[in-house]
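So the structure is just underneath, and the comments pick up after that.
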Amino acid sequence: MKIPITITVNGKKHQAEVEARTLLVYFLRENLRLTGTHVGCDTSGCGACTVLLNGKALKSCTMLAVQANGHEVTTIEGMSTNGTLHPIQDGFHQKHGLQCGFCTPGMVMTAADLLSKNANPTEDEIRHALEGNLCRCTGYHNIVASIQHAARAMNGASTTELPKSKVTTGELSMSE
Amino acid sequence: MTYIGKSVKRVEDKRFLTGKGKYTDDIVLPGMTHAYMVRSPHAHARILNVNTNKAEEHPGVIAVFTGKDVAEVNGVPCGWQVDFKNGDTMKEPPHKLLVADKARHMGDAVAMVIAEDYATAKDAAELVVVDYEPLPSVTNAVDALKSGAPSVHDEAPDNRCFDWELGTDKAVVDAAFEKAHHITTLEYKNQRLVPNAIEPRSAIGHYDDTNERYTLYTSSQNPHLIRLLLCAFVLGIPEHKVRVVSPDVGGGFGSKIFHYTEEALVIWASNQIKRPIKWTAERSESFLTDAHGRDHTTKAEMAFDADGNILALRAKTIANMGAYLSTFAPAVPTWLYGTLLQGLYTTPAVHVDVTAVFTHTTAVDAYRGAGRPEATYLLERLIDTAALEMKMDPVELRRKNFIPAFDGIEQEGYTTQVALQYDSGNYQRVLDRALEMVGYKNFRREQEKARQEGRLLGIGFSTYIEACGIAPSAVVGALGARAGLFESAHVRVHPTGKVSVYTGAHSHGQGHETTFAQVVADKFGIPLEDVILEHGDSDSVAFGMGTYGSRSLAVGGSAIVKSVEKVINKGTKIAAHMLEASEADIEFAEGKWSVKGTDKSVGFGDVSLTAYVPHNYPEGLEPGMDFSSFYDPANFTYPFGAHIAVVEIDKETGKTKLERFIAVDDVGNIINPMIVEGQIHGGVAQGVGQALFEGAIYDESGTLMNGSYMDYTMPRADDLPSFEVDNAVTPCPHNPLGVKGAGEAGCIGSTPAVVNAVMDALAPYGIHDVKMPTTSERVWNIIHANGNGV
């Protein structure tokens, strides 16, 4: 049996009929073809499907599309405006916070939730906020740096560079 | 140079950051159907009957295929042959696309259900009734060698796939042990890891019967190799009618190198049903079917004289191959492992003996580092353990035994006891820098103070070397590879001076679209945005060997440089004609061909245009500016480095906190430091994962017990510190960019550093060994088992 729903996604109202068992993530990916939201696991462990539901981060594999009826969803496709990257997206670009890009949309959405609640998070607070999102490429170091960069850009946050990241790869400090 | 050596921001970022990346599962073809695999819940079972009637009748189901349907189709082949010591041929049982006789590991595919949509296929898969007769199974390689162990394959009743040895004459090694002052012995398991790229594997097969062409979209690290294996070995279809595309790929770490049965199945079945078929793994399937890594059981011994000089090393390893031979599996515990057991040390006698074994488990193959992390773990655990036993400083013990610095130009490469010649190295330098960063002398004082306070603070070292940039084709051919390991590149200069570069390497996070463009833009003296990199599509890229073994820049980048040089040489001919000068008087720099000693010059764009509008043109010269090259390296490259971990263990819980991680790596010349640094970070995180958290666990019935993200522990953001990374540069002497490779270094060096740090922390208890991963539970138990209850 199909159930009619109305969900506002990235500011645009969508009406559709879905099976009751359709997860929100599949509604976004398959019905709306918003494939930036990814599926990385089947146990809500990886966070690649994270979106914002009414502004709060949510793993879209944990919710049925019918449960999102009448609510507002923001996906990674809704973060930039007129081709200009959101400061969080730009932070990931500036600080090399992504490699293969698969976990990235979920990381950006989780970061958006964090920075909406805490404009000036410490390194520990950022790491704690990211514990629901797995990344296998970056070792998280540059994701943390990216979010700090975004916090500074968005909120004038005073977070400094990662205290221990005196990385000097670029200086080739040891070469003779 | 404008770009080389600069941390240029990645050009590929924007599509990933805006949700516009295109991974295989994002692709929808007209008329596409969906496949779901029926997999064995048993590790070992005879298949008595497969009843597909109900599934076939289910609304929306298009077809159900079983092992009987593909009985005449070849299985997926193994790409590397390692024969027994006595000359007998490696045991190579077939790996059929769907099994008809027996399931040999949990997750072995029995049937494929194809339906109009994914949910229907999954529903119908539950209606396939498989009549299994469960059989005894064996998952541990040591047990599999015991007499009476269940056989995985009739072709190898004793489960031996091959045995192998390498190194100094065994008698010489044993004699060195006889006269040793001290022998350090470790017996351990380098546990099985699950690679866990966050993008699950996915494949779309499309047979187009109007032109009898096939297209395979697949989440692969090497689309051309998949095409070759698929066409020539599995399906026997004409290679020129098959296009393989690896679009954006969400991480690989080795697990997406191999040719998997599902790739062949979707292509084969799409010809049966004449419609495209998509298959995407669920994470639980990834755990069961992506090739795993490591799984070595090893006894290693190192002999020392009274001064701490290493006299000899001997090692015996039993390597678990899993139920089937994956594409490169035989190379991993042999030529990628035994050859690295010289390490950074002048050890005069080294011998390694390996037995490769079939078990009722998922296939094991290359996972980030592939053999080299296992070799490094062996050596570096031995060194730190020996230092503890001999009451020497682990740093001093290393210094004493390091191979002296050599550049490979003035000083010859270093020939090891285990078949390699290192290209260039300066091992002391990276260790010195890492010690400076950690503040070693201070640390020991802090540690003393901490110990007095009853705190468990530890430091661990790892100084590693690896062999990457694989590899000379003739060499690997002699070692059993059934493929060449060159790389191809095609540089197409357009009439307006814009450049398309086609590489056979494949980027799945490494940032090739930026790094390779930096190289080309610099060499041509043109803006970075005038260069675009194409990869991953066999229709546009002539050939390629793909990305693994940290080879993309060292091998693929060198092929690009060759094509770039061909462009410049042809440009010189055109420019000489345009400038009415002799070729010998023309020089190329900063995007211009100039007549030496004059201000007469023509630019890159002018020459490009002239090549395509050849009105006034050198006689006999072909128009156009378009060059392909193949580069086959002269040797492996040998990155090295020093990693230091600092941990503190909570006595109450056994939990290890990684306080600091210092990595000083030498990966040769660097094109983009930002990207290299990112590669090191990611590699270190995976290595730390093995040390502290990860490991596949099979129960006695052969069930993978931790096959999900709820059960298999990978490092999360709050498990790791910020890393402290630096580097040295010892250029590779034998490739044009002087680069060595950075993709695996972090993962190769880090694991033993962390485990050594845990042991150093536990040293006050006299504990020298804890099984890896050194989980809180294990550490707590071993502290308490020794009567040190808190």
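At-a-glance table
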{"quantity": "A:Ser44/B:Asp174 FRET efficiency (R0 60 Å; Cβ-Cβ; nearest 0.05)", "calculated": "0.65"}
{"quantity": "Selection from B:Val70, B:Val8, A:Thr74 lying farthest towards where the dipole of the protein assembly as shown points positive, charges on Cβ", "calculated": "A:Thr74"}
{"quantity": "Inter-label distance, nm, simple model (7 Å from Cα along the C-beta direction), B:Asn786/B:Ala100", "calculated": "5.8 nm"}
{"quantity": "Neighbouring partner chain Cβ atoms per residue of B:193-204, average, 10 Å criterion", "calculated": "4"}
{"quantity": "Estimated D of the stretch B:1-105 in µm² per second, where Rh is the Kirkwood radius over Cα pairs and Stokes-Einstein applies at 4 °C, 1.567 mPa s", "calculated": "67 µm²/s"}
{"quantity": "In Å, descending, principal axis extents of the Cα set of chain B", "calculated": "90, 74, 52"}
{"quantity": "Nearest-ten-degree value, helix A:141-155 long axis tilted from longest Cα axis of chain A", "calculated": "80 degrees"}
{"quantity": "Cβ neighbours within 10 Å from other chains - mean over B:458-467", "calculated": "0"}
{"quantity": "Per-peptide average of other Cβ atoms within 10 Å, ordering A:35-42, B:366-373, B:334-341 highest first", "calculated": "B:366-373, B:334-341, A:35-42"}
{"quantity": "Cβ-placed point charges (K, R +1; D, E -1), dipole of the protein assembly as shown about Cα centre in debye, nearest 20", "calculated": "1200 debye"}
{"quantity": "Least to most buried among B:Val754, B:Val142 (fewest other Cβ within 10 Å first)", "calculated": "B:Val142, B:Val754"}
{"quantity": "Ranking of A:Ile7, B:Ile273 by count of other Cβ atoms within 10 Å, fewest first", "calculated": "B:Ile273, A:Ile7"}
{"quantity": "Estimated dipole of the stretch B:516-636 in Debye, rounded to 20 [Cβ of Lys and Arg +1, of Asp and Glu -1, Cα centre]", "calculated": "280 debye"}
{"quantity": "In degrees, nearest ten, helix A:104-117 long axis to first principal axis of chain A (Cα)", "calculated": "80 degrees"}
{"quantity": "Estimated FRET transfer efficiency when R0 is 51 angstrom, pair B:Thr210-B:Ser7 (beta carbons, to 0.05)", "calculated": "0.55"}
{"quantity": "Å³ per residue enclosed by the Cα convex hull of the stretch B:486-631", "calculated": "105 Å³"}
{"quantity": "Charge dipole (debye, nearest 20) of the stretch A:2-78; +1 at Cβ of Lys and Arg, -1 at Cβ of Asp and Glu", "calculated": "100 debye"}
{"quantity": "Gain on full stretching of the segment that runs from B:Glu590 to B:Glu446 - 0.36 nm per residue minus C-alpha separation", "calculated": "46.5 nm"}
{"quantity": "Surrounding net charge for B:Phe543, when Lys and Arg each add one and Asp and Glu each subtract one, Cβ distance under 11 Å", "calculated": "-1"}
{"quantity": "Label-point separation, B:Glu396 to A:Ala153 (7 Å along Cα→Cβ), nm", "calculated": "5.2 nm"}
{"quantity": "J(HN,Hα) series, the stretch B:402-413, from Karplus relation 6.51 cos²θ - 1.76 cosθ + 1.60, nearest Hz, glycine and proline x", "calculated": "5, 5, x, 4, 8, 9, x, 10, 5, 9, 5, x"}
{"quantity": "Dipole-positive endmost among A:Thr84, A:Cys135, A:Leu32 within chain A (Cβ charges, Cα centre)", "calculated": "A:Leu32"}
{"quantity": "Cα-based reach from B:Lys170 at 24 Å (exclusive), listing lysines while leaving out same-chain residues under 8 positions away", "calculated": "B:Lys85, B:Lys179, B:Lys189, B:Lys299, B:Lys316"}
{"quantity": "Bridge type composition, the protein assembly as shown - antiparallel percent by DSSP, nearest 5", "calculated": "80 percent"}
{"quantity": "Whole-Hz ³J(HN,Hα) from phi, Karplus 6.51 cos²θ - 1.76 cosθ + 1.60, for the stretch B:614-623, glycine and proline x", "calculated": "x, 6, 10, 8, x, 5, x, 8, 5, x"}
{"quantity": "Three-way shape label, the protein assembly as shown, alpha-carbon gyration tensor, a/c 1.5", "calculated": "rounded"}
{"quantity": "Footprinting exposure proxy for B:Tyr464, B:Tyr548, B:Tyr345 (fewest neighbouring C-beta atoms within 10 Å first)", "calculated": "B:Tyr345, B:Tyr548, B:Tyr464"}
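Just so you know, all these numbers are worked out from the coordinates, no wet-lab data involved. Source: prediction; values computed, not measured. Cβ coordinates were reconstructed from backbone atoms using ideal geometry, including for glycine residues, and neighbour counts include every protein chain displayed.
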